[in-house]
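Data block below; observations after.
The values are calculated or read from the model by the stated rules, or taken from the named source; none is laboratory data. All of these numbers come straight from a predicted model, not from anything done at the bench. With ideal geometry, Cβ positions are generated from the backbone for all residues, glycine too; neighbour counts draw on all protein chains shown.
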Amino acid sequence: MATEIKTWQIVSGKLTIVNSSLAESNRKEREDLERWIKGNPEILGEDIAIFGEQVQTKSGPLDFLGIDNNGNLVIVELKRDHLPREVLAQALDYASDVSAWEIDKLSEICQAFTGQSLEDFFTQKFPDISIEELGINQAQRLLLVGFSIEESLNRMIEWLSSKYSIGINAIILKYVKTSNGDELLSRTVIIPEEVEREKTNKKKFVIEKSNEPGNYDESTVKEKLTQYLSQDMYSAKRIRDYVLPILLKNELMTREEMRKEFIKMGGASESQAGYFLALISSQLSFKWNDFLRQVIKYEFPNNKWEKDNFTIRTEYRELVKQVLKSLEK
C-alpha cells in the first residue's frame with residue numbers, strides 16, 4: 001500500500017496534527033530538497049556518498065550519482081512531490097547506461113563535482129575501506145525520493161526487491177513546520193535499508209585476489225604479457241606506456257616516486273595519478289594476472305594492503321623490452 005506519513009505536535013499536552021507544506025513555508029520543493037541532500041546525504045542512507053549531480057546519460061541527466069561503501073553505484077531520482085510509477089522506468093533506463101561506465105569516467109564525474117579523484121573521495125568518506133579491494137560498479141542501487149508514492153509504484157518496488165533481488169528503494173519524506181517555527185524533515189523507506197543493501201550485494205561476484213606470482217615458462221609469460229598489453233583497456237595501456245618503461249629505467253621505484261614519474265611523463269594529472277596507480281595495483285592483485293606478478297615484484301612495507309617498492313624481476317627485464325618493442329610496431 002502507498003505510504004502516508006502523519007506528524008503531530010504536542011501542544012499543552014494535546015496532539016495537534018501538523019499539515020504544513022514546503023510551499024506554505026516559502027520553500028521550493030526540488031531546490032531545497034537537492035540542497036538538503038547535497039549537504040546531508042545521510043538522508044539517502046548512512047553508507048552512501050554523493051559524487052555527481054545532474055550527470056548526463058544517454059537518456060538525459062540523472063539527479064544524483066552516489067557510491068556506497070561496497071563500491072556499488074547509487075542512482076538517485078528526485079521528484080518534487082508525488083512519486084509516479086513512470087519514475088521507475090526512468091531510473092532503470094539511467095541504470096542500464098551507468099552500469100557500463102568505467103572507472104575513468106566515474107573519476108571524471110567525481111572530480112568535476114567534488115574537486116577530488118574518486119579514490120581520494122572514497123577514502124575520505126569511508127576511511128576504513130580500501131578501494132583497491134573493491135569491484136567498483138559491479139552492481140547498481142536505485143533510490144527514488146519524493147514526498148508521497150503512487151500505490152502501484154510501491155507494489156512494483158516490493159515485487160522487484162523480493163522476486164528479483166534488485167537493489168531498489170523509495171524514500172518518502174515529510175516536511176513540517178511547527179507552531180514554534182521549527183522545521184522538521186522525517187523519512188521512511190519502502191524496503192528496510194539492510195534488506196535493500198543485501199539485495200544489491202548478492203548481485204556482486206567475488207573478485208579473486210592473490211599476491212602469488214605465476215610459474216610459467218618464458219615463452220608463455222611473453223605470450224600472456226603481449227596479449228594483456230595489447231588490450232584496449234585503460235589500466236593495461238597505462239602499464240604498457242608508463243609503468244613498465246618507468247621500471248625499465250629504474251631498478252626500484254616507490255609508490256610515491258612512481259606517482260611523480262607518472263605525472264612527469266604526462267600519464268596523469270596531479271589529482272588523477274594516485275587513483276590511476278590504485279587501479280593498476282588492483283590489476284596486479286587479480287588472481288588471473290599471476291603472469292604480471294611473475295614479471296613485476298612489489299612489497300607491502302607500510303601496511304597490509306597498499307603495494308610499494310615496485311621492480312621488474314631481473315630475469316624478465318630483457319623480455320619486457322622485447323614485448324614493448326614488438327607492440328610499438
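Brief remarks follow.
- Restricting E256, E306, E251, E315 to those that are over 28 Å from the mean Cα position of the chain (by Cα) and either closer than 25 Å to I129 by Cα or part of a loop (DSSP other than H, G, I, E, B) (or both) reduces the list to E251.
- Among the residues of region 89-118, those that are β-branched (V, I, T) and either part of a loop (DSSP other than H, G, I, E, B) or out of contact with any Gly (no Cβ under 8 Å at 6 or more places or on another chain) (or both) comprise V98, I103, T114.
- Among the residues of region 56-76, those identified as crowded, with 21+ Cβ neighbours inside 10 Å and touching an Asp or Glu at 6+ places or on another chain (Cβ under 7 Å) are L62, D63, F64, D68, V74, V76.
- Verdict on E77 being in contact with a helix residue (DSSP H, G or I) (Cβ under 8 Å, 6 or more places away or on another chain), at pLDDT 90 or above and among the acidic types (D, E): yes
- Qualifying residues in region 119-142 (those that are part of a helix (DSSP H, G or I) and at pLDDT below 85) - the one surrounded by the fewest Cβ atoms within 10 Å (Cβ to Cβ): E133
- Of L292, L277, all but one fail to be closer than 20 Å to E102 by Cβ and in contact (Cβ under 8 Å) with a residue 60 or more places away in the chain; the exception is L292.
- Take the conditions (1) at pLDDT 85 or above; (2) surrounded by 15 or more Cβ atoms within 10 Å (Cβ to Cβ); (3) not small (G, A, S); D32 misses just one of them, which is (1).
- Counted residues, region 36-64 - those being within 23 Å of I129 (Cα to Cα) and either charged (D, E, K, R) or out of contact with any Cys (no Cβ under 9 Å at 6 or more places or on another chain) (or both): 14
- Restricting attention to region 261-286 and to residues that are of a type outside the set (A, V, I, L, M, F, W, C) and over 22 Å from the mean Cα position of the chain (by Cα), the residue that is surrounded by the fewest Cβ atoms within 10 Å (Cβ to Cβ) turns out to be G266.
- Screening I239, I149, I191, I166 for residues that are of a type in the set (V, I, T), at pLDDT 90 or above and assigned by TED's automatic domain parsing to the domain that holds T16 leaves exactly one candidate, I149.
- Looking across region 93-118, the residues that are crowded, with 18+ Cβ neighbours inside 10 Å and within 22 Å of I172 (Cα to Cα) come down to Y94, A95.
- The residues of region 236-258 that are buried (at least 18 other Cβ atoms within 10 Å of the Cβ) and among the basic types (K, R), listed by number, are R238, R240, R255.
- Residues of region 216-260 that are of a type in the set (S, T, Y) and in contact with a Leu (Cβ under 8 Å, 6 or more places away or on another chain): T226, Y228, S230, Y234, S235.
- Condition check for D182: at pLDDT below 90 and more than 23 Å from the chain's Cα centre (by Cα): yes
- Members of region 28-83 that are more than 16 Å from I172 (Cβ to Cβ), part of a loop (DSSP other than H, G, I, E, B) and within 16 Å of the chain's Cα centre (by Cα): E46, D47, N69, N70, G71, N72
- Summed over region 149-179, the residues that are hydroxyl-bearing (S, T, Y) and over 26 Å from the mean Cα position of the chain (by Cα) give a count of 4.
- Scanning region 63-74 for residues that are over 15 Å from G146 (Cβ atoms) and touching a strand residue (DSSP E or B) at 6+ places or on another chain (Cβ under 7 Å) gives L65, G66, I67, D68, N72, L73, V74.
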